[in-house]
Amino acid sequence: MAFAYDDQNIFAKILRGEIPNDTVLETDHSLAFRDIHPQTPDHVLVIPKGPYATYDHFALEASDAEIVDFTRTVGRIAEMLGAQPSTGGGGFRMISNAGEDAIQEVPHMHVHVLAGRPLGRILQPA
C-alpha cells in the first residue's frame with residue numbers, strides 16, 4: 001500500500017492558514033514552526049510548501065529550488081537555535097519518519113529539528 005499525500009492533513013491546513021502555528025521562519029518553499037508538543041527545549045518542524053508525502057517523495061519529485069530552499073531552511077533553523085556544531089553550538093538531531101513502518105503520523109513530509117539539551121543515542125548498540 002502506498003503512503004499517499006492527503007491534502008486534508010494538519011500541515012496542509014497550516015499552510016492554507018486554516019490552523020495557526022508558531023512560525024519560526026518562512027521562505028518561498030518552506031515553513032518552519034515550533035512543535036505543539038515539544039520533546040526538547042527547541043523542537044522545530046520544517047515542512048516544504050509543496051504536496052510531498054514522505055522524504056523520498058520530496059527528494060525524487062521536488063524541484064531543485066524546493067530542495068535547496070528546504071535544506072538551507074534547516075541550516076538557518078540550526079543557526080537560529082544556536083545549535084550549529086560548526087560554530088560552537090551543542091548540536092541538533094534531525095528526524096524524518098517516512099511511511100507506516102516508521103510511524104509517520106502526518107502524511108506531509110517534515111523534519112523535526114531537536115536541540116537545546118543532550119539527546120543521548122538514538123539507537124542502542126546491539
(request) Go through ASP28, ASP69 for me and flag whichever is surrounded by fewer than 16 Cβ atoms within 10 Å (Cβ to Cβ), in contact (Cβ under 8 Å) with a residue 12 or more places away in the chain and over 25 Å from LEU123 (Cα atoms). (result) ASP28
(request) Using the structure shown, decide if ALA78 is aliphatic (A, V, I, L, M), crowded, with 17+ Cβ neighbours inside 10 Å, closer than 24 Å to ASP7 by Cα and without any contact (Cβ under 8 Å) to a residue 40 or more places away in the chain. (result) no
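Is it true that GLU105 is part of a loop (DSSP other than H, G, I, E, B), in contact (Cβ under 8 Å) with a residue 60 or more places away in the chain and out of contact with any strand residue (DSSP E or B) (no Cβ under 9 Å at 6 or more places or on another chain)? Break it down into steps so the answer makes sense when it comes.
On the way: part of a loop (DSSP other than H, G, I, E, B): yes; in contact (Cβ under 8 Å) with a residue 60 or more places away in the chain: no; out of contact with any strand residue (DSSP E or B) (no Cβ under 9 Å at 6 or more places or on another chain): yes.
Considered against the rule, which asks whether it is part of a loop (DSSP other than H, G, I, E, B), in contact (Cβ under 8 Å) with a residue 60 or more places away in the chain and out of contact with any strand residue (DSSP E or B) (no Cβ under 9 Å at 6 or more places or on another chain), GLU105 comes out as no.
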(message) For region 52-68, check the following and say yes or no: at least one residue is small (Gly, Ala, Ser), modelled with pLDDT of 95 or more, under 20 Å from VAL24 (Cα atoms) and assigned to a helix (DSSP H, G or I).
(response) no
(request) Give just the number: which of (1) crowded, with 19+ Cβ neighbours inside 10 Å; (2) of a type outside the set (Val, Ile, Thr); (3) within 13 Å of the chain's Cα centre (by Cα) does LYS49 not satisfy? (result) (1)
(message) Here are the criteria: (1) within 10 Å of the chain's Cα centre (by Cα); (2) under 24 Å from PHE3 (Cα atoms). Tell me which single one THR73 does not satisfy.
(response) (2)
(message) Looking at (1) assigned to a loop (DSSP other than H, G, I, E, B); (2) under 18 Å from ILE14 (Cβ atoms), which one does VAL113 not meet, given that it meets all the others?
(response) (1)
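So, ALA32, is that one touching a strand residue (DSSP E or B) at 6+ places or on another chain (Cβ under 7 Å), closer than 27 Å to GLY116 by Cβ, at pLDDT 95 or above and in a loop (DSSP other than H, G, I, E, B) or not?
Spelling it out, it is not the case that ALA32 is touching a strand residue (DSSP E or B) at 6+ places or on another chain (Cβ under 7 Å), closer than 27 Å to GLY116 by Cβ, at pLDDT 95 or above and in a loop (DSSP other than H, G, I, E, B).
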(request) Exactly one condition in (1) of a type in the set (Gly, Ala, Ser); (2) surrounded by 18 or more Cβ atoms within 10 Å (Cβ to Cβ); (3) assigned to a loop (DSSP other than H, G, I, E, B) is not met by GLY91; state its number. (result) (2)
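Kindly indicate which of GLY17, GLY88 is modelled with pLDDT under 95 and either over 14 Å from MET109 (Cα atoms) or not basic (Lys, Arg) (or both).
GLY88
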(request) Scan region 1-29 for residues that are within 20 Å of ALA115 (Cβ to Cβ) and either among the basic types (Lys, Arg) or in a loop (DSSP other than H, G, I, E, B) (or both) and jot them down. (result) ASN21, ASP22, THR27
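The values are calculated or read from the model by the stated rules, or taken from the named source; none is laboratory data. Please read these numbers as outputs of a predicted model, since none were measured by experiment. Virtual Cβ from ideal backbone geometry, glycine too; neighbours counted across all protein chains shown.
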